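A short write-up of the structure that comes next.
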Amino acid sequence: MSEETSNNEEYAYLDRGGFSSEKFKIELRGLPKFYGIAELKKLMNHKLGLSVSKIKRPKVGNHWLYACFQNDEERDKAIAALNGYQWKGKSLIAEAAKPAPDPLVKRKQESTENVKRQKTSDDQENKSQEERLKDAVTPYWNIPYDEQLKLKEKEIKHILMKFDNEVWRIDKQKRSKIEANRKIYNGLSFELRPIQKSPVTEGYRNKCEFTVGMDEETKKPTVGFRLGCYWAGSVAVAPVECLNHIPENMKKAVLVFQDFVRKSDLAPYSPVDYKGYWKCLTVRQSTQNNDIMLIIAMDPQTLSNEELDKLKQEIIEYFKLDEATACGIKSVYIHLISKRRVGEETPKPIHLLGTTHIVDTILGRQFRISPEAFFQVNTAGAEILYQSAIDMSQVNEQSTLIDVCCGTGTIGLCFAKHCGEVLGLELIEKAVEDAKANAQLNNIKNCNFYSGKAEYTLPAVMARAAADDIIAIVDPPRAGLHMNAITTLRNNKRVKRLIYISCSPASVTKNFVDLTRASSKTLHGAPFSPVCALPVDMFPHTKHVELIVLFEREREPTTSDVEKSADKIAEDKTVKESKEENDESNGNSEANMNASPVNEAS
């Protein structure tokens with residue numbers, strides 16, 4: 001293959017139709033040593049009136065990055081505004097950037113050109129498609145469950161030790177306490193409790209998102225999971241019957257939809273050339289009664305409204321058939337997803353058939369679940385998770401619980417009977433509607449829920465809290481909480497305890513560090529200290545685990561403490577001055593003694 005042909009293939013995706021931000025990319029250099037992506041976006045979008053759609057920073061701390069735009073005009077405008085612009089004492093350099101090559105084509109070329117790479121991948125190539133799928137989706141599938149738990153405990157301890165070491169590094173005043181506690185807690189400065197097992201290890205998932213694509217073995221449209229990711233050079237989809245974490249009824253529902261796709265005149269969507277229609281299928285299942293909700297995502301491409309209406313009717317008629325109802329399908333939505341410009345609102349799923357919600361139960365509370373609402377994927381495991389959080393929180397009837405990122409209100413409503421009031425906030429408005437409906441469904445009167453971003457809404461929600469004893473519980477997305485939300489929690493001195501729940505502990509250690517930082521101009525309140533951590537295995541056969549960490553507010557310095565501190569400083573100063581005087585006196589005496597023989601000689 002000639003170099004020119006190779007290059008043409010690597011960049012052919014730019015001309016296939018469909019939007020790619022790689023077409024309109026700039027390289028921005030000369031950035032200051034310390035800056036934040038949010039700061040840079042604010043500069044570009046608000047101060048300079050640009051419309052950046054994506055920022056790609058290869059590595060934190062780099063003095064260059066890529067910024068992507070929607071068209072040539074916006075890219076050229078950005079270059080003109082940014083090139084030579086003075087920011088934080090630095091002169092920025094902006095110029096058009098070459099688009100990245102297609103990772104799929106690049107990987108294929110590497111695999112054919114590099115013999116060594118091919119040899120090292122022989123083990124993977126020799127595996128069956130079923131084994132490769134299990135390795136990709138449930139990497140612990142062939143490890144005994146008790147061994148899985150040991151691996152997860154080890155990983156959690158490693159993550160918490162990194163957090164511990166970071167606190168030790170940045171706060172010298174805490175070092176002696178950290179070192180003393182490490183002798184008590186086996187190398188950590190706080191207690192790490194034994195991992196809690198999942199009550200169910202097979203077929204435990206109540207929600208899965210399946211991709212629609214081509215099976216590389218059968219060459220047929222298939223609803224399943226990718227064998228790899230696009231950047232790694234794979235778009236093949238494999239069927240899911242062999243996976244042990246998916247319930248049997250959910251697998252049957254997947255096959256019912258797969259049959260519909262194969263009979264359809266419309267092809268699966270291809271990420272290679274942006275053609276095709278069927279993109280993915282989200283399946284939600286109630287563990288209470290096995291009711292199933294389907295959310296069918298498709299790219300309408302150039303289908304007219306009349307053609308879409310006809311397709312919707314075909315879906316409705318198909319899922320009324322006995323085969324669909326036999327596996328428990330009670331609700332069907334369609335979600336029309338196409339490329340959007342920056343600022344355009346994300347379309348909502350459209351209800352086609354059956355009920356608008358399904359209902360599940362946790363700790364005796366019933367919860368209705370809508371298509372986009374967050375709900376823990378392991379219902380039985382969620383009962384362990386939430387009860388553990390309640391037990392660790394020391395909640396009482398005088399407490400107010402602030403439920404940050406409350407979803408459909410599951411945590412707050414489980415806490416409700418143990419505290420005076422619950423105030424929840426959540427970004428997704430539909431989830432807030434569900435949370436309010438769930439409070440009514442369970443006849444709970446002491447809960448209120450609000451919609452909005454946590455970093456903006458939290459101060460107003462916390463101002464509504466009546467009690468002086470506030471407990472915050474945080475269950476954010478994988479990336480963690482925005483720094484503004486962390487600052488609000490730190491600066492409200494009524495927050496005495498904080499329960500942090502994370503499904504990706506390695507991603508949120510910065511939040512942990514910021515909660516424990518020494519007070520400063522930004523972080524006014526006394527810092528929090530970690531008291532104990534508890535891993536809960538919500539995801540058997542995978543590497544993932546939920547982690548609960550209890551933080552308690554450190555004691556604020558009292559007037560007496562300040563006076564004692566001042567007295568101690570004064571005492572130390574007196575002692576130091578006295579020592580200096582003694583040293584000076586001793587030095588003079590020694591000098592006189594040494595001088596005497598000289599005087600006698602003279």
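The values are calculated or read from the model by the stated rules, or taken from the named source; none is laboratory data. This structure is a prediction, so every number in the text was calculated from the model and none was measured. Every residue, glycine among them, receives a Cβ derived from its backbone with ideal geometry; neighbour counts consider all protein chains shown.
Quick notes on this structure:
- For N126, the conditions (1) within 27 Å of the chain's Cα centre (by Cα); (2) surrounded by fewer than 16 Cβ atoms within 10 Å (Cβ to Cβ); (3) within 28 Å of H541 (Cβ to Cβ) are fulfilled apart from (1).
- Within the stretch 130-148, restricting attention to residues that are more than 21 Å from the chain's Cα centre (by Cα) and among the hydrophobic types (A, V, I, L, M, F, W, C), the residue that is surrounded by the fewest Cβ atoms within 10 Å (Cβ to Cβ) is I143.
- Each residue in the stretch 434-472 was checked for being over 21 Å from F551 (Cα atoms) and within 23 Å of the chain's Cα centre (by Cα), and 9 pass.
Condition check ((1) at pLDDT below 95; (2) within 22 Å of the chain's Cα centre (by Cα); (3) crowded, with 24+ Cβ neighbours inside 10 Å) across all residues:
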| site | (1), (2), (3) |
| --- | --- |
| S388 | no, yes, no |
| N396 | yes, no, no |
| S399 | yes, no, no |
| G412 | no, yes, yes |
| E426 | yes, yes, yes |
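- Count of the stretch 231-275 residues, restricted to those that are under 21 Å from L321 (Cβ atoms) and in a helix (DSSP H, G or I), is 16.
- The one condition in (1) hydrophobic (A, V, I, L, M, F, W, C); (2) free of Cβ contacts under 8 Å to residues at least 40 places away in the same chain; (3) within 30 Å of P199 (Cα to Cα) that I334 fails to fulfil: (3)
- Of all positions in the stretch 149-156, at least one carries a residue that is within 21 Å of D514 (Cβ to Cβ) and either in contact (Cβ under 8 Å) with a residue 12 or more places away in the chain or loosely packed, with under 12 Cβ neighbours inside 10 Å (or both).
- Under the condition of being closer than 17 Å to V432 by Cβ, surrounded by fewer than 20 Cβ atoms within 10 Å (Cβ to Cβ) and out of contact with any Gly (no Cβ under 9 Å at 6 or more places or on another chain), the residues counted in the stretch 453-478 number 6.
- The stretch 22-50, subset outside any loop (DSSP other than H, G, I, E, B) and buried (at least 18 other Cβ atoms within 10 Å of the Cβ), residue modelled with the lowest pLDDT: E22
- Whichever residue in the stretch 73-123 is at pLDDT 85 or above and of a type in the set (V, I, T) and, among such residues, is surrounded by the most Cβ atoms within 10 Å (Cβ to Cβ): I79
- Strands (runs of 3 or more DSSP E) fully within the stretch 392-476 counting 3 or more residues that are over 23 Å from V359 (Cα atoms) and of a type outside the set (G, A, S): 400-404, 470-474
- Some residue of the stretch 342-349 being assigned by TED's automatic domain parsing to the domain that holds N289 and within 18 Å of Q285 (Cα to Cα): yes
- The stretch 407-419 residues that are within 13 Å of I473 (Cα to Cα), paired with ones that are surrounded by fewer than 24 Cβ atoms within 10 Å (Cβ to Cβ) and among the aromatic types (F, W, Y) (beta carbon under 8 Å, 6 or more apart): G407/F374; G407/F375; T410/F375
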